[in-house]
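Working notes, beginning with the structure itself.
The values are calculated or read from the model by the stated rules, or taken from the named source; none is laboratory data. Note that the structure is a prediction, hence the values are computed from the model and not measured. Quick reminder, even Gly has a Cβ in these numbers, built from the backbone with ideal geometry, and neighbours come from all protein chains shown. The protein model used for the area step is the full one, side chains on, heavy atoms only, and it has no ligands, DNA or RNA in it. Shrake-Rupley method; radii C 1.70, N 1.55, O 1.52, S 1.80 Å.
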Amino acid sequence: MSDKKSFGFETRAIHAGAAPDPATGARQTPIYQTTSFVFDDVDDAASLFNLQKVGFIYSRLTNPTVAVLEERIANLEGGIGATATSSGHAAQLMALFPLLSPGDEFIASTKLYGGSLNQFANTFPRAFGWKAVFVDTDEPASVKAAITEKTKAIFVESLANPGGIVTDLEPIAAIAQDAGIPLIVDNTLATPYLIRPIEWGATLVVHSTTKFLSGNGTSVGGAVVDSGTFDWSKDGKYPALSGPEPGYHGLKFHETFGNLAYTIHGHAVGLRDLGPSQSPFNAFLTLNGIETLHLRMERHSANALKVATFLESHPAVEWVSYAGLESSKYHTLAQKYLPRGAGGIFTFGIKGGYDAGVKLVESVELFSHLANIGDSRSLIIHPSSTTHRQLDPAGQAAAGAGPEVIRLSIGLESADDIIADLAKALDKAVG
Ligand SMILES: *Cc1c(COP(=O)(O)O)cnc(C)c1O
């Protein structure tokens with residue numbers, strides 16, 4: 001009942017995927033903190049291992065608490081299934097794993113979370129032979145121009161880190177569809193409350209649930225959501241999903257499981273063999289976070305707009321990049337894709353460059369200087385001295401993380417207190 005797509009977002013954020021515990025009646029989803037599940041008998045075990053029956057074997061593959069989280073996130077994104085993972089980075093690995101073989105390519109936006117740029121540019125090619133081709137997705141034509149016969153996916157962020165950038169999903173989804181490849185959208189910064197990329201043509205959505213979905217800065221986790229709309233067997237481009245799987249006696253996932261193939265593969269092969277499962281305890285905390293997602297995203301967005309407006313007229317500030325501001329070059333896109341608010345994260349440029357940036361993060365008191373976003377607390381970071389310091393100056397600039405850039409993740413405190421803290425610290429840093 002509670003999973004019905006006809007219920008409002010708020011209702012589904014609280015109920016989707018969950019029911020009172022059948023064994024005890026517990027209303028809140030229990031933490032099934034167990035590694036393994038007892039088989040009824042040998043036949044039961046055999047059919048579970050052969051994927052002829054859905055059930056629980058071992059928590060590296062599936063777990064009842066984690067399964068509720070997977071259903072809830074899939075429901076909120078409008079997908080058909082989800083695979084929860086140990087982190088957002090694990091979700092990115094798991095999203096690409098069924099799609100690419102050594103020597104294959106995928107197109108990635110230059111405007112991504114700094115850790116994703118490292119994972120894609122350095123570790124994926126070295127470890128797996130997957131080549132990331134980076135393009136500026138502000139120019140959809142350059143995405144099209146970068147596609148070759150080896151391209152197996154396009155990867156973008158809906159609302160891009162470090163802040164204020166909105167991706168024009170519709171033309172990019174059309175390019176992916178023409179090329180017969182899936183569009184993967186990292187929806188971490190926006191969350192499904194602000195935008196559901198599947199409605200704009202995404203095939204897969206990935207999350208770092210570490211951020212707004214868990215919401216209180218307690219739990220590292222991730223998820224991959226499948227729209228269920230892609231034909232994996234169309235042209236033999238995705239043999240892991242369309243061809244025989246040696247680990248299951250030659251079973252063909254797409255032929256056997258239809259539009260659930262990608263999600264079942266994610267558990268039966270991805271989590272089984274790569275191993276980045278989410279812990280039941282983290283899934284429980286993240287489920288509790290999601291129950292208030294709609295309330296929090298509204299307030300994060302409202303507070304961020306107030307802070308961005310304050311900074312825009314401050315003499316120590318060079319520029320503010322928040323898509324909720326009319327001055328933003330992404331404002332029109334934000335009105336189209338994010339009508340409920342432009343989220344809680346944005347960047348601004350401080351006068352005085354690198355040194356002033358360092359001084360500012362050392363002068364704030366209410367803000368916490370740390371490498372996370374999407375907490376109930378307000379957070380601040382100077383990307384060029386931290387998250388983006390591995391990149392050269394050109395790479396930093398391309399990622400929107402030059403020496404003067406400050407990234408804020410605006411929390412749920414009183415907007416006046418957040419602004420007062422920044423005002424005081426700006427006076428110290430630039431004054
Ligand atoms: C944090 C983040 C990630 C990585 O997630 P982890 O949970 O830290 O592994 C990926 N993409 C975006 C947009 C992020 O903000």
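Give me the residue from segment 62-79 that is part of a loop (DSSP other than H, G, I, E, B) and crowded, with 19+ Cβ neighbours inside 10 Å and, out of that set, farthest from the ligand (Cβ to nearest atom).
Thr62
So how many residues does segment 175-214 have that are of a type outside the set (Ser, Thr, Tyr) and more than 15 Å from the ligand (Cβ to nearest atom)?
14
Quick check on Gly17: is it away from the ligand (no atom under 16 Å from the Cβ) and touching an Asp or Glu at 6+ places or on another chain (Cβ under 7 Å)?
So Gly17 fits the description; yes.
How many residues are aliphatic (A, V, I, L, M), in contact (Cβ under 8 Å) with a residue 12 or more places away in the chain and assigned to a helix (DSSP H, G or I) if we restrict to segment 1-44?
2
Test Phe253 against the criterion of being away from the ligand (no atom under 12 Å from the Cβ) and open to solvent by less than 20 Å² (accessible area, probe 1.4 Å), and give yes or no.
When the stated conditions are applied, Phe253 passes them.
Testing Leu260 on (1) over 23 Å from Ile31 (Cβ atoms); (2) buried (at least 21 other Cβ atoms within 10 Å of the Cβ), one condition comes back false. Which one is that?
That leaves (2) as the condition not met.
Of the residues Gly228, Gly217, which is open to solvent by 10 Å² or more (accessible area, probe 1.4 Å), at positive phi, in a loop (DSSP other than H, G, I, E, B) and away from the ligand (no atom under 16 Å from the Cβ)?
Gly228
Counting only residues that are surrounded by 23 or more Cβ atoms within 10 Å (Cβ to Cβ) and of a type outside the set (Ser, Thr, Tyr), how many does segment 268-279 have?
Of the residues in that region, 3 qualify.
Is there a residue being open to solvent by less than 10 Å² (accessible area, probe 1.4 Å), touching a residue at least 24 places away in the same chain (Cβ under 8 Å) and within 16 Å of the ligand (Cβ to nearest atom) anywhere in segment 232-249?
No, segment 232-249 contains no residue that is open to solvent by less than 10 Å² (accessible area, probe 1.4 Å), touching a residue at least 24 places away in the same chain (Cβ under 8 Å) and within 16 Å of the ligand (Cβ to nearest atom).
Within segment 13-20, identify whether any single residue is exposed (fewer than 10 other Cβ atoms within 10 Å of the Cβ) and assigned by TED's automatic domain parsing to the domain that holds Leu213, and answer yes or no.
No, every residue in segment 13-20 fails to be exposed (fewer than 10 other Cβ atoms within 10 Å of the Cβ) and assigned by TED's automatic domain parsing to the domain that holds Leu213.
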